[in-house]
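The values are calculated or read from the model by the stated rules, or taken from the named source; none is laboratory data. Keep in mind that what you see is a predicted model, and the values were worked out from it rather than measured. Please note: Cβ atoms are built from the backbone with ideal geometry, for glycine as well, and neighbour counts cover all protein chains shown. Side chains included, ligands, DNA and RNA excluded: accessible areas come from the protein's heavy atoms. Shrake-Rupley method; radii C 1.70, N 1.55, O 1.52, S 1.80 Å.
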Amino acid sequence: MAWPDDGVGPTRDFVGYGPTKPEFLWPDGSAVAVSIVVNYEEGAELSLPDGDGVNDTWGEYSSVVEPAYRDLGTETHFEFGSRVGVWRLARLFDEYSVPVSFGACAVALERNPPLCDWLRDRDHEVVGHGYRWTDDWKLPRDEERRLMRLAIESVEETTGQRVRGWYVRSFPSVNTRELLVEEGGFLYDSDACNDEIPYFADVGGTPFLVVPYTKVFNDNRYFIAPTYATPDHFFENLRLGLETFRREAAAGHGSRLFSVGVHSRWSGQPNRADALRRFIEHVQGYDDVCFMRRVDVARFWIERFG
């Protein structure tokens, strides 16, 4: 039975690949590709100084400051991510030579030129994460298109990269994927969390690649219930997921993409960074697991299955 389709936005698909996954190995022969995504949003979040009329709620605690007053606690927590946390993560990636994808809001990059210089000197990918870290799913189609174009231009100016992938705060709009195809130049989007390997979605008759993301293997659980009580819980969550993927691949159930989401203001804290470090060392102890940027995942999938 087909799911009712009102013709607005993506059609829901409850089957996907079903019980039979496509047979493949990643380019280096690995069965599991770990894709670390650094969500870089600091300076692009909702705030009174930027004229939003509200304070952002994604700080370090659950209390909310009334919109009539600035929430300096949340503001400075975000500032920690750009002043300190992102550099702790950057040193980690340098030390272990791990290629990662930075899902970065354009305005956040504009406000941190030293980070843009660091990105220019490395081979990490910059994924489009909106012009600002706002609820783009609420936007009218024309306004979403306008801000998408602003983000593309801004990121290219600050980092030298033309973004090839896209995902926004929490949820896309019903127009987002269509706008990506309309704009051109994009290889994929990562707004879906409905699979463990890439797939092609039909967008008005055009096949467009989706590289799925995750809200489970994500350090947002330091903030969202059920929370990680210690960094050990984050590490164990990642370890268990990786071991299941490896075991399934060895049993003939197919290779996997293992997305891991981290944030500068959360995993950039000294105790939490240790969980990510341990996981990187754990991954590098296996011959059947590799690290890949999302753009490289996309290019491989398009060449192999497109």
Item to complete: Would you mind calculating the relative contact order of the chain from Cα pairs under 8 angstrom and at least 6 residues apart, reporting the percent as a whole number?
Response: 27
Worksheet item: So for the stretch 225-286, taking the charge dipole from beta-carbon charges (+1 Lys/Arg, -1 Asp/Glu), which of Gln284, Ser264, Ala251 sits furthest toward the positive end?
Response: Ser264
Worksheet item: With the Cα gyration tensor of the stretch 106-164 giving a ≥ b ≥ c as the square roots of its eigenvalues, does the rule (a/c under 1.5 for rounded; else a/b larger than b/c for prolate; else oblate) give rounded, prolate or oblate?
Response: prolate
Worksheet entry | Protection proxy ranking, peptides 46-54, 298-306, average beta carbon neighbours within 10 Å, highest first | 298-306, 46-54
Worksheet item: With a ≥ b ≥ c the root eigenvalues of the C-alpha gyration tensor of the stretch 1-124, is it rounded (a/c under 1.5), prolate (a/b larger than b/c) or oblate?
Response: oblate
Fill in: Cα gyration tensor, the stretch 164-275 - rounded (a/c under 1.5), prolate or oblate
oblate
Worksheet, complete the sentence: Rounded to the nearest 500, the 222 nm mean residue ellipticity computed for the chain from DSSP H runs (n ≥ 4, each -39500 (n - 2.57)) alone is -11000 deg cm²/dmol
Practice prompt. Would you work out what percent of the accessible area of the stretch 1-91, with all protein chains in place, is carbon or sulfur (probe 1.4 Å)?
Written response: 56
Worksheet item: Counting other Cβ atoms within 10 Å, which chymotrypsin sites (Phe, Trp or Tyr not before Pro) in the stretch 11-120 have at most 14 and lie in a DSSP loop?
Response: Phe14, Tyr17, Phe24, Tyr61, Tyr69
Fill in: For the chain, share of DSSP beta bridges that run antiparallel, in % to the nearest 5
20
Fill in: Estimated dipole of the stretch 12-140 in Debye, rounded to 20 [Cβ of Lys and Arg +1, of Asp and Glu -1, Cα centre]
200
Response to the item:
For the chain, dividing by residue count, accessible area per residue (probe 1.4 Å) in Å² works out to 46
Worksheet, complete the sentence: In terms of the charge dipole of the chain, which places +1 on Lys and Arg and -1 on Asp and Glu at the beta carbon, the residue among Pro27, Gly43, Trp87 farthest towards the positive end is Pro27
Fill in: Relative contact order, percent, the stretch 148-300 [alpha-carbon distance under 8 Å, six or more residues apart]
20
Discussion item. Once you keep just the Cα pairs under 8 angstrom separated by 6 or more residues, what percentage relative contact order results for the stretch 138-216?
Written reply: 24
Worksheet, complete the sentence: Computed for the chain: size of charge dipole around the Cα centre, +1 on C-beta of each Lys and Arg, -1 on C-beta of each Asp and Glu, debye to nearest 20, value 480
Item to complete: Over the chain, consider all pairs of different Cα atoms and compute the Kirkwood hydrodynamic radius from their mean reciprocal separation; express it in Å, one decimal.
Response: 20.0
